[in-house]
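Below you'll find the structure, written out as structure tokens, and then a few comments.
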Amino acid sequence: MRTVGELHGYEIRATDGLIGKIDEIYFDDERWVVRYIVVDTGTWLKARRVLVSPIAFGEPDWHSRTIPTRLTKDRIEHSPSIDLDKPVSRQQEAQFNNYFGWPAYWGSFGLWGRWSAPVAMGMPLHPDPRADAAAAAADHHLRSSREVTRYRLHASDGEIGHITDFLIDDVSWEVRYLAVATTGWWTGKQVLIPTSLIETVRWDERRVDVHVRRELVKDSPEWNPDDPSWSDYEQRLRAYYADQRPPGRDSA
């Protein structure tokens, strides 16, 4: 499990050299899965920021804070330009995936289409122009980690705190938990909220609603990002929230 804060500054390498460093992530607003990382290319591409999908990743070297890719620098340089100051649409994703020859992840029930992890999707395919038409029919947007950080979190009976980080499964790249600072409600306590408990996201209000009461969050196990015993903590956290089931998830 990795936090987005931890991933900031990781080096992303092509097969023939350094691309740049991770600046933020983009996740989809339905499944809460990281679809792309945003790479700051520094002086190499005149400060251009580019998208790289986990589909292209090799085995990360967590010790040296490096993630290799199966892409060349030339392939990255000539990838479709996307304005990252605006939401990334599904149609743009279809064009991006067609350029790299990757299958679409949408249109199926799995986290990555028919696959459970992005690494299984890395075999090049022939581009399918029909993906553009299918994409236009369901134009969902990706969301920036930088945008959603500091969104207010609301329980069923009132505000809890604000989002400070995201915890990501480093195999499936699913966003498993929201890190929440409850300062102002319960002094100094940081907690994790499973994304499975998200009921509604109110993008225009910069707010996330979860299907629990404030008291339940107050009594949940406190999260210490410096505690090395993560597996023990996650086991207690899962047991604590085991009986909580949202009636549905919606985006507004």
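The values are calculated or read from the model by the stated rules, or taken from the named source; none is laboratory data. Computed from a prediction, not measured in an experiment: that's the story for all the values here. Cβ placement follows ideal geometry from the backbone for every residue including glycine, while neighbour counts extend to all protein chains displayed. What goes into the accessible areas is simple: the full protein's heavy atoms, side chains included, and nothing from ligands, DNA or RNA. Shrake-Rupley method; radii C 1.70, N 1.55, O 1.52, S 1.80 Å.
Among the conditions (1) closer than 30 Å to Tyr105 by Cβ; (2) open to solvent by 40 Å² or more (accessible area, probe 1.4 Å); (3) of a type in the set (Ser, Thr, Tyr), the only one that Tyr241 does not satisfy is (2).
Could you tell me whether Thr164 is closer than 30 Å to Tyr99 by Cβ and at pLDDT 90 or above? It is false that Thr164 is closer than 30 Å to Tyr99 by Cβ and at pLDDT 90 or above. Entry remark, the stretch 4-16: residues being open to solvent by 20 Å² or more (accessible area, probe 1.4 Å) and in contact with a Lys or Arg (Cβ under 6 Å, 6 or more places away or on another chain) number 3 in total. Residue count for the stretch 139-158, restricted to those that are open to solvent by less than 50 Å² (accessible area, probe 1.4 Å), part of a strand (DSSP E or B) and free of Cβ contacts under 8 Å to residues at least 60 places away in the same chain: 3. Screening Gly101 with (1) closer than 21 Å to Leu45 by Cα; (2) without any contact (Cβ under 8 Å) to a residue 40 or more places away in the chain gives one miss only, at (1).
Within the stretch 24-38, is even one residue farther than 16 Å from Arg143 by Cα, free of Cβ contacts under 8 Å to residues at least 60 places away in the same chain and not aromatic (Phe, Trp, Tyr)? Checked against the condition, which is being farther than 16 Å from Arg143 by Cα, free of Cβ contacts under 8 Å to residues at least 60 places away in the same chain and not aromatic (Phe, Trp, Tyr), the stretch 24-38 yields no hits at all. Within the stretch 32-127, considering only strands (runs of 3 or more DSSP E) that don't extend past its boundaries, which have at least 3 residues that are open to solvent by less than 30 Å² (accessible area, probe 1.4 Å)? In the stretch 32-127, the matching strands (runs of 3 or more DSSP E) lie at 34-40, 49-52.
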